[in-house]
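Read-outs throughout are calculated quantities, based only on the coordinates presented, and are distinct from any laboratory measurement. All values reported here derive from a predicted model rather than from experimental measurement. A quick note on method: Cβ atoms are made from the backbone with ideal geometry, for glycine too, and the neighbour counts reach across all protein chains shown.
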């Protein structure tokens, strides 16, 4: 599919690097039931590379701070979050984007008194270099059982409406959404939103950017105007998290 016009059809949205805060869905009793916040994380294991990654591959993020809502800890600092590669897409040279990858996040169990469930999307990513993290990666648990359970049909947490109140979350037009999802052969439910962007430093110091999208359903779609990109261990991320009470 020709994606030549994608770059001009996505509605721009600012990326916010914020300390952990809370934005509530402002409609009646939903204010108490749903909220959205940010939390920092680091990629500890695996890599995302459209030329090399395969569907079913996993990556592991580690929270750099406590995830809180209304003063309560929902997930503790150091909590591991696993992502499973759900789809990989490419388009013809000269189109925008040329490469993309879709990840589903397997939300960990939350503190019962603080929340019932969470929805995760990546809002920003920065990778200054590709660090040698083999020793750290070898110390992390194997994800084969998690991957198998995911493709056996683990239920996906419904999108949290509070995420729509976050300034960086902007709906994309139907043509853009269809082009991305067709390239990924994606059947994810619900509309697609642009949630942020990232900056990567490739080999030789070449900088490249990626755009971050989500259905707000524990998923992230990463696209790039280049034919390939890589996000690996050491990457710093800002997660956008919806919290359901």
* Asked: To the nearest 0.05, what FRET efficiency results for residue 245 and residue 206 with a Förster distance of 41 Å applied to their C-beta separation?
  -> 0.35
* To do: Please give the length that would be gained between residue 112 and residue 128 if that part of the chain were fully extended, namely 0.36 nm times their separation in residues minus their C-alpha to C-alpha distance (nm, one decimal).
  => 2.1 nm
* Label-point separation, residue 226 to residue 54 (7 Å along Cα→Cβ), nm -> 2.5
* **Contour minus Cα-Cα distance for residue 199 and residue 92 (0.36 nm per residue)** => 36.3 nm
